[in-house]
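Only the coordinates and a few stated rules stand behind these numbers; no lab work does. Every value quoted in this text rests on a predicted model; they were computed, and no experiment measured them. All Cβ positions, glycine included, derive from the backbone under ideal geometry; neighbour counts span all protein chains shown.
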Amino acid sequence: MILEIISPEKKLFSGEAGSVTVPGSNGLFQVLNNHAPIISTLKKGTVKVETAEGEKSFEINGGVVEVLNNKVIVLAG
Amino acid sequence: MASLKEVRLRIASVNSTQQITKAMKMVSAAKLRRAQDAIVQMRPFASKLREILENLSSSVDASESGGFAVVRPAEKILIVAITSNRGLAGAFNSNIIRYVNRAIAAEYKQQHQNGNVKVLCIGKKASDFFNKKPGVFLRHHNEIFNNLTFDNTAAIAQQIMNEYAAGNYDRVVLVYNRFKNAAVQYVTSEAFLPITPPVSTDKKKGAANDYIFEPGKAEIVQDLIPRSLKTQLYKALLDSNASEHGARMTAMSKATDNAGELLRDLRLQYNKARQAAITNEILEIVGGAEALKG
């Protein structure tokens, strides 16, 4: 799946990812390949991304995530 | 005609002024590029946020958006005037000040007579001006331009939003220079609060995707609207910042050209004066020689 993490100041991440774990308002959840479409708000926490090159993590201050057609967009800020 | 020495001094002074304006132009050009990059960087964020909001707002009642969409009679007005901290940028700052003054005198005349128009200044130029104008100055946030980040902007936006929610103001308007290109900036007045929820022009698109909403549509809208307001203020500040550097670059470019023209005229004048002095000297020598002969 394709993942983009965007903050108002810059693109934090853009590219292929195996899975991403986000701090949803109702609790942590993980998005894998072919996840159903979802829009969820996020609270302050860490976004963990699994890529072919290893795991990356980003601190966010809340935001929103949208999953659609195997494309995940995290708006952080 | 001015003496040789006077002209020489003026040439030196104009020359050094030209060097300063040229340097300022170059600095502004570099800063402009960085400011433009910042605008480009935040665009995907803003458009995505808007898209999600459009998707949602068709199915969510405006009253659920945390009180920011409630339209009250326009009795108390807050104008957010965005200028710069520094001058020498052509008409950049005076345009904003003139626009705000006109709005107070015309559009919001009634409210102003009741003392209900306040100006929140971002940028030293506006705060210097409105501080002297009795009864309108609220406060300033000049320090924001030292470190123009989203977080700093969000804090200001939050403060304004709290004041709106508390009923201190019924309308909040942003006045700033919208960036078109380095030479052209438009003075823009934009409604900040109350918000008009973005309505999707493409109705089918929103309905077609069967989203799961967590925790719920209304909660998401309540979370996103403050974010979109912060983004709007951030965008206005970035635009104004880019406009400032564009305006300064253009102004300094013109100043450099003008100094060049002035220098040409002065050099001509200098050479004429020098030639006149030489001619004079020769005449004296010849005259002296003639007198000796006789």
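Odds and ends about this structure:
- Residues of the stretch B:1-31 with amide N under 12 Å of the 7 Å Cα→Cβ point at B:ALA277: B:2-9
- Taking the stretch A:2-76 and dividing mean pair separation by its residue count, relative contact order in percent (alpha carbons under 8 Å, at least six apart): 32 percent
- In a reduced charge model with +1 at each Lys and Arg Cβ and -1 at each Asp and Glu Cβ, chain B shows a dipole moment near 920 debye about its Cα centre.
- More than 16 angstrom apart: percent of Cα pairs within the stretch B:233-286: 66 percent
- Cα-projected label distance for B:ARG178 with B:GLU143, points at 7 Å along beta-carbon direction, nm: 3.2 nm
- Computed over the stretch B:37-248: relative contact order in percent, which uses C-alpha pairs under 8 Å that are six or more apart: 32 percent
- Rounded to the nearest 0.05, the FRET efficiency derived from the C-beta distance between B:ARG102 and B:GLU6 at R0 = 56 Å is 0.80.
- Potential extension, A:THR46-A:PHE29 segment - 0.36 nm per residue separation minus Cα distance: 5.0 nm
- Put simply, the amide H of B:ALA74, placed in the peptide plane, has no neighbours under 5 Å, leaving out anything fewer than 5 places away on its chain.
- The label-point distance for B:GLN113 and B:ASP37, in a model that sets each label 7 Å from Cα toward Cβ, rounds to 5.3 nm.
- Cross-link partners of B:LYS272 among lysines (Cα-Cα below 20 Å; sequence separation of 8 or more within a chain): B:LYS5
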